[in-house]
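A.B. asks: Let me begin by handing over the structure; questions about it come next.
The values are calculated or read from the model by the stated rules, or taken from the named source; none is laboratory data. Note that the structure is predicted; figures quoted are calculated from it, not measured. Positions of Cβ are backbone-derived with ideal geometry, glycine not excepted, and every protein chain shown enters the neighbour counts. Just the protein is used for accessible areas: all its heavy atoms, side chains included, with ligands, DNA and RNA removed. Shrake-Rupley method; radii C 1.70, N 1.55, O 1.52, S 1.80 Å.
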Amino acid sequence: MQPSTPPFDERLTAPRSWWLIAFLIGVACALVLLPLGTLPLLAGLVGGTALASLAVSSYGSARIRVVAGALVAGDARIPVSALGTAEALDAEEARAWRSYKADTRAFMLLRSYIPTAVRVEVTDPQDPTPYVYLSTREPQALVAALTAVRA
């Protein structure tokens, strides 16, 4: 029996420009070690690039999935039965919900390089979280997946 594919699965990868910045950090580390010789220069290039790349990869490893009747966003796993309506937010509305409309009790998985988002109400009376805010490149697909799982 084949496991069913999740209706929605997205990795919030970092933009390509961040990888270039990680390499430039490695170059800067190499230049700092330049007066010590060639071997420290190469070690600075490799070590600085590796550490900066690890940081970029770690930050961009957050995932949003709708699988097995639950919304999995980063470390959070929320049953779809505890969620209310999902609303796709365009860039302007997403900016408003992560700034002046934001509630400090909300769960937010933010990525500054992703302009669009989805806001999902939490209907569980035991949970003080009013809503879940998720940065996503495909807000309509996430809303459709949540609606399909709920039905």
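A.B. asks: Is it fair to say ALA88 is touching a residue at least 24 places away in the same chain (Cβ under 8 Å), surrounded by 13 or more Cβ atoms within 10 Å (Cβ to Cβ) and in contact with a Phe, Trp or Tyr (Cβ under 9 Å, 6 or more places away or on another chain)?
C.D. replies: For ALA88, the condition - touching a residue at least 24 places away in the same chain (Cβ under 8 Å), surrounded by 13 or more Cβ atoms within 10 Å (Cβ to Cβ) and in contact with a Phe, Trp or Tyr (Cβ under 9 Å, 6 or more places away or on another chain) - is not met.
A.B. asks: For VAL132, are the conditions met, namely being under 17 Å from VAL80 (Cβ atoms) and either touching a Pro at 6+ places or on another chain (Cβ under 7 Å) or in a helix (DSSP H, G or I) (or both)?
C.D. replies: no
A.B. asks: A follow-up question, please. Scan the stretch 117-131 and report the pairs whose first residue is touching a residue at least 12 places away in the same chain (Cβ under 8 Å) and open to solvent by less than 20 Å² (accessible area, probe 1.4 Å) and whose second residue is outside any loop (DSSP other than H, G, I, E, B) and acidic (Asp, Glu), with Cβ atoms within less than 6 Å and a gap of 6+ or a chain change.
C.D. replies: TYR131/GLU121
A.B. asks: If I ask for residues that are open to solvent by 100 Å² or more (accessible area, probe 1.4 Å) and within 18 Å of ALA55 (Cα to Cα), which ones from the stretch 21-43 would you list?
C.D. replies: PHE23
A.B. asks: Does the stretch 99-119 hold any residues that are within 15 Å of GLY74 (Cα to Cα) and aliphatic (A, V, I, L, M), and which are they?
C.D. replies: Scanning the stretch 99-119 gives ALA106, MET108, LEU109, LEU110, ALA117, VAL118.
A.B. asks: In the stretch 132-145, which residues are open to solvent by less than 30 Å² (accessible area, probe 1.4 Å) and either of a type in the set (D, E, K, R) or touching a helix residue (DSSP H, G or I) at 6+ places or on another chain (Cβ under 9 Å) (or both)?
C.D. replies: TYR133, LEU134, SER135, THR136, PRO139
A.B. asks: Open to solvent by 50 Å² or more (accessible area, probe 1.4 Å) and closer than 12 Å to VAL132 by Cα, is that true of ARG95?
C.D. replies: No.
A.B. asks: Which of the residues belonging to the stretch 52-66 are assigned to a helix (DSSP H, G or I), touching a residue at least 12 places away in the same chain (Cβ under 8 Å) and either surrounded by 16 or more Cβ atoms within 10 Å (Cβ to Cβ) or not aromatic (Phe, Trp, Tyr) (or both)?
C.D. replies: The answer is ALA52, SER53, ALA55, VAL56, SER57.
A.B. asks: Suppose we keep only residues that are out of contact with any helix residue (DSSP H, G or I) (no Cβ under 9 Å at 6 or more places or on another chain) and in a helix (DSSP H, G or I) within the stretch 9-34. Which one would you say is nearest to ALA62 (Cα to Cα)?
C.D. replies: ARG16
A.B. asks: Could we say that ALA148 is open to solvent by 60 Å² or more (accessible area, probe 1.4 Å), within 16 Å of GLU10 (Cβ to Cβ) and more than 18 Å from the chain's Cα centre (by Cα) here?
C.D. replies: yes
A.B. asks: Sort out which residues of the stretch 2-30 are aliphatic (A, V, I, L, M) and in contact (Cβ under 8 Å) with a residue 12 or more places away in the chain, and write them in order of number.
C.D. replies: Those that are aliphatic (A, V, I, L, M) and in contact (Cβ under 8 Å) with a residue 12 or more places away in the chain: LEU12, ALA14, ILE21, ALA22, ILE25, VAL27, ALA28, ALA30.
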